[in-house]
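The values are calculated or read from the model by the stated rules, or taken from the named source; none is laboratory data. On a predicted model such as this, the values are computed, not experimentally measured, just so you know. Here the Cβ positions follow ideal geometry from the backbone for every residue, glycine too, while neighbour counts run over all protein chains shown. Areas reflect the complete protein model, heavy atoms only, side chains present, ligands, DNA and RNA absent. Shrake-Rupley method; radii C 1.70, N 1.55, O 1.52, S 1.80 Å.
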Amino acid sequence: MSDTPVDTSKRTWLIASGCAGAVGGVATAIPFVSTFQPSERAKAAGAAVEADISGLKPGEKMTVEWRGKPVWILRRTPEQVAELPKLDAQLADPKSLRNPSEFTPEYARNDGRSIKPEFLVVVGICTHLGCSPSDKFTPGPQPSLPNDWEGGFLCPCHGSTFDMAGRVFKNKPAPDNLPVPPHMYLSDTRLLIGEDKKA
């Protein structure tokens with residue numbers, strides 16, 4: 001041990017300075033660390049979206065935004081639903097087996113690609129280069145469409161065509177069917193897009 005007397009005022013000053021530095025460091029770190037958390041806007045962008053489908057009549061479509069993408073909700077007529085299985089031979093992926101985890105949840109791997117046959121829920125973005133297809137619900141010959149057209153969607157950018165279930169026709173630029181987002185029915189008139197499992 002040293003025989004030098006301890007200067008208590010110096011010790012107190014060092015302890016006080018060290019504590020002040022630690023508090024300042026924590027105060028500086030908190031806002032910095034909080035920037036790693038997603039903003040409220042980012043949280044909202046990925047949040048599920050609720051849609052009221054009570055006013056949707058057969059043959060009508062509505063659009064809601066989910067994660068910055070248009071999601072189409074189409075109420076098909078009984079005639080449109082009945083035509084779907086008849087088109088299988090003309091479609092590139094009629095049973096939605098190609099990339100199912102990315103484009104079609106298990107509950108939508110059917111002719112209508114839907115939970116309820118009359119309602120189609122798809123992301124309205126072409127799987128080729130991201131254009132938004134146009135509604136071509138009226139059957140029959142039309143410009144840029146075959147003479148035996150039964151109704152569906154036409155991508156104006158490169159001519160890909162999709163049936164009333166969002167399934168792409170053969171020999172078109174789009175490689176896959178229109179994506180079906182996760183969704184579930186909260187009631188007969190309320191649809192939740194972005195979630196498909198009850199909590």
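A few points about this structure:
- For the range 116-131, 3J(HN,Hα) computed residue by residue from phi via the Karplus equation (6.51, -1.76, 1.60; θ = phi - 60°) reads 10, x, 6, 10, 9, 10, 9, 7, x, 10, 4, 7, 7, 10, x, 6 Hz, glycine and proline entered as x.
- Rounded to 10°, Cα long-axis angle of helix 8-34 versus longest principal axis of the chain: 10 degrees
- Order by protection proxy (mean Cβ within 10 Å, highest first), peptides 9-18, 97-106: 97-106, 9-18
- For the peptides 113-120, 66-73, residues were scored by their other Cβ atoms within 10 Å and the scores averaged per peptide; the highest-first order is 113-120, 66-73.
- Computed over the range 141-199: relative contact order in percent, which uses C-alpha pairs under 8 Å that are six or more apart: 17 percent
- Modelled FRET efficiency - R0 30 Å, Glu102 with Arg190, Cβ distances, 0.05 increments: 0.70
- Solvent-accessible heavy-atom area per residue, rounded to whole Å², over the chain at 1.4 Å: 59 Å²
- Treating r as the C-beta distance of Asp88 and Ser54 and R0 as 45 Å, the FRET efficiency rounds to 0.90.
- Accessible surface of the chain, 1.4 Å probe, proportion on carbon and sulfur as whole %: 58 percent
- Treating each Cα of the chain as one equal point scatterer and applying the Debye formula with no solvent, the log10 of I(q)/I(0) at q = 0.09, 0.14, 0.16 Å⁻¹ comes out as -0.44, -0.82, -1.01.
- Helical runs assigned H by DSSP (4 residues or longer) give the chain a calculated mean residue ellipticity at 222 nm of -6500 deg cm²/dmol, each run adding -39500 (n - 2.57) before division by the residue total.
- For Met62 and Cys131, the difference between the fully extended length at 0.36 nm per residue and the C-alpha to C-alpha distance is 23.1 nm.
- Translational diffusion coefficient (Stokes-Einstein; Kirkwood radius from C-alpha pairs) of the range 54-148 at 37 °C, 0.692 mPa s, in µm²/s: 224 µm²/s
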